[in-house]
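The values are calculated or read from the model by the stated rules, or taken from the named source; none is laboratory data. Since we're looking at a predicted model, the values are computed, not measured. Quick reminder, even Gly has a Cβ in these numbers, built from the backbone with ideal geometry, and neighbours come from all protein chains shown. Protein only, heavy atoms only, side chains kept; ligands, DNA and RNA dropped before computing areas. Shrake-Rupley method; radii C 1.70, N 1.55, O 1.52, S 1.80 Å.
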Amino acid sequence: MRKPVAVMELDPLGHRLRYVRLLMAAVEPSDRLLLVPNAVRDSPEFAEHLADLDARVVILPDGRRDAVAAAVDVAGEAGAHLVIPDGDKNVAPLLVALVRAGRRRPPVSLLLMRTTLPGGPERATAGMVLKPPLAWLLARLPGVRMRFLTDAFGVVVRRRGFPGVRPVRDPVTVPDDVAASRAPGGPFRLGVFGVITARKNVPLLLAALEGTPGVHLVVAGRCDPGVAATLADSPLADRLEVEDRLLTEEEFDAAVAGVDAVAVLHDNDAPSGIVAEAAARGVPVLGPARGWASSMVTGTGIGEVADLEAPDPVAEVRTALTRLIATRERRVAATRRAATRLGVTDFVSGLLGDVT
């Protein structure tokens, strides 16, 4: 029997509200409940992804613990299946709220977007240590379906520390008109996209480009103040194109499709949506030599990687970029093959299953 679906999201940044829209689109309008705090409802991201959505919006209180408890209550009273596509910081408060709800608790689907553990490329935190045992307890409550977000290609199928938690692929829509190979002539255009924080290593990339005169850098997306200041002070101003703001989906598509390669120069232990979005548009990737993004690039052959931990990372990036320029057509062909593995069905069905 079909039941309403209540999707909770407490953070508007990144891909989160796009994930919410994909889930809501799979549900009949009369069965949609959108559970968000005022900070999400009033965000530019909400206006971009959800403002036109036909759904009942329920405003949650501020504060994570109170918001999660309220979401459990709302879903339970509505007889809805509660879906939390950004579950990482919500594991502990959700566990408490469901235990307190007892027999009134709703069925829940929870997605772990980050399953990083200490010892990887990212700084260890208390949350990394506590999440696995809390997730283990939560997954064993009746009616709880837990998944982890893997890369869009499905390269990684299990995560250390989270036994029995199955993956769902990062959802990526492949455009009907995948970008063709660029005509010869003109500068090689390298892009950095998304929410552009210090961890995306823009200063390293700028330093590498100082020795690669034929390359222009396109930076499009909301930049942290430090990144914006670095770009403003760069001596490469004549080779920079900067759009420091939230892009609409159409603008993002055009920006990615309009470059010759995308740079994702940070080691990580989480799937990179930008790597897959680039491949979906026939655009190769300059990636790191370690971490999950590296596995995506090397596992599909869609680009080149640079060792960011080498004694001279600037030289490593410059060398990898030179290789990418020389092999671009071969890497473009690899993106077309890899794009056949992309889609949104696995994500939606993994979280909603037979709910709809």
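Scan around Leu247 for amide H atoms under 5 Å from its own, H built in the peptide plane at 1.01 Å from N, and keep only partners 5 or more places away or cross-chain.
Distant-sequence amide H within range of Leu247: Arg222.
If you take every residue apart from Asp253 with its C-beta less than 9 Å away from the C-beta of Asp253, what net charge results, scoring Lys and Arg +1 and Asp and Glu -1?
Here the charged neighbours net out to -3.
For segment 209-356, what is the convex hull (Cα atoms) projected area averaged across all directions, in square nanometres?
With the hull built on Cα positions only, its mean projection is 10.4 nm².
Could you tell me whether segment 1-89 comes out rounded, prolate or oblate from its Cα gyration tensor? Rule is a ≥ b ≥ c as square roots of the eigenvalues, rounded for a/c under 1.5, then prolate if a/b exceeds b/c, otherwise oblate.
In terms of gyration-tensor shape, oblate.
Given the DSSP H assignment, sum -39500 (n - 2.57) over each helix run of at least 4 residues in the chain and divide by its residue total; what's the result at 222 nm in deg cm²/dmol, nearest 500?
Per the formula, -11000 deg cm²/dmol.
Mind ranking Ser349, Ser109 by accessible surface for me, highest first, 1.4 Å probe?
Descending accessible area places them as Ser349, Ser109.
Just add up the charged neighbours of Val275: K/R +1, D/E -1, any other residue whose Cβ is under 11 Å from the Cβ of Val275.
-3
Compute the length gained on full extension between Glu77 and Leu13: take 0.36 nm times their separation in residues and subtract their Cα-Cα distance, giving the result in nm to one decimal.
Going from the current span to full extension adds 20.2 nm.
With a point put 7 Å past each Cα toward its Cβ, work out how far Thr298 is from Glu28 in nm, to one decimal.
According to this spin-label approximation, the distance is 5.0 nm.
Any idea how far apart Asp233 and Ala39 come out in nm if each label point goes 7 Å out from Cα toward Cβ?
Here the answer is 3.0 nm between the modelled labels.
Given a Förster distance of 30 Å, report the FRET efficiency between Arg337 and Ala47 from their Cβ-Cβ distance, rounded to the nearest 0.05.
Computed FRET efficiency for Arg337 and Ala47 comes out at 0.25.
Spelling out what I want: for every residue of segment 263-275, take phi, set θ = phi - 60°, compute 6.51 cos²θ - 1.76 cosθ + 1.60 (Karplus), and round to whole Hz; glycine and proline get x.
Going residue by residue, I get 9, 10, 9, 8, 5, 8, 10, 8, x, 9, x, 5, 4 Hz, with x marking Gly and Pro.
Mind listing the phi-derived Karplus ³J(HN,Hα) values for segment 76-85, rounded to whole Hz, using 6.51, -1.76 and 1.60 with θ = phi - 60°, and x for any glycine or proline?
Once θ is set to phi - 60°, the couplings for segment 76-85 become x, 5, 8, x, 9, 8, 8, 10, 10, x Hz.
With every protein chain kept in the model, how would you rank Lys89, Lys200, Lys3 by accessible area, 1.4 Å probe, largest at the top?
From most accessible down to least: Lys89, Lys3, Lys200.
Between rounded, prolate and oblate, where does segment 314-356 land on the alpha carbon gyration tensor, with a ≥ b ≥ c its root eigenvalues, rounded for a/c under 1.5, else prolate if a/b exceeds b/c?
oblate
Sum up the charges of everything whose Cβ sits under 13 Å from the Cβ of Ala25, counting Lys and Arg as +1 and Asp and Glu as -1, but leave Ala25 out.
So the surrounding residues net to -1.
Highest mean first, what order results for 143-155, 240-252 on Cβ atoms within 10 Å?
Order by mean packing, descending: 143-155, 240-252.
Viscosity 1.002 mPa s, temperature 20 °C: what is the translational diffusion coefficient of the chain from Stokes-Einstein with a Kirkwood Rh over Cα pairs, rounded to a whole number of µm²/s?
101 µm²/s
How far, in nm, would the chain grow between Leu130 and Thr345 when pulled straight, counting 0.36 nm per residue and subtracting the alpha carbon separation?
74.3 nm
Rounded to whole Hz and in sequence order, give me ³J(HN,Hα) for segment 61-73 from the Karplus expression 6.51 cos²θ - 1.76 cosθ + 1.60, θ = phi - 60°, writing x for Gly and Pro.
With coefficients 6.51, -1.76 and 1.60, one gets x, 6, x, 4, 4, 5, 5, 5, 4, 5, 4, 4, 5 Hz.
For Phe188 and Asp354, compute 0.36 nm times the residue count separating them, minus their Cα-Cα distance, and round to one decimal in nm.
Extra length from Phe188 to Asp354 when fully extended: 55.1 nm.
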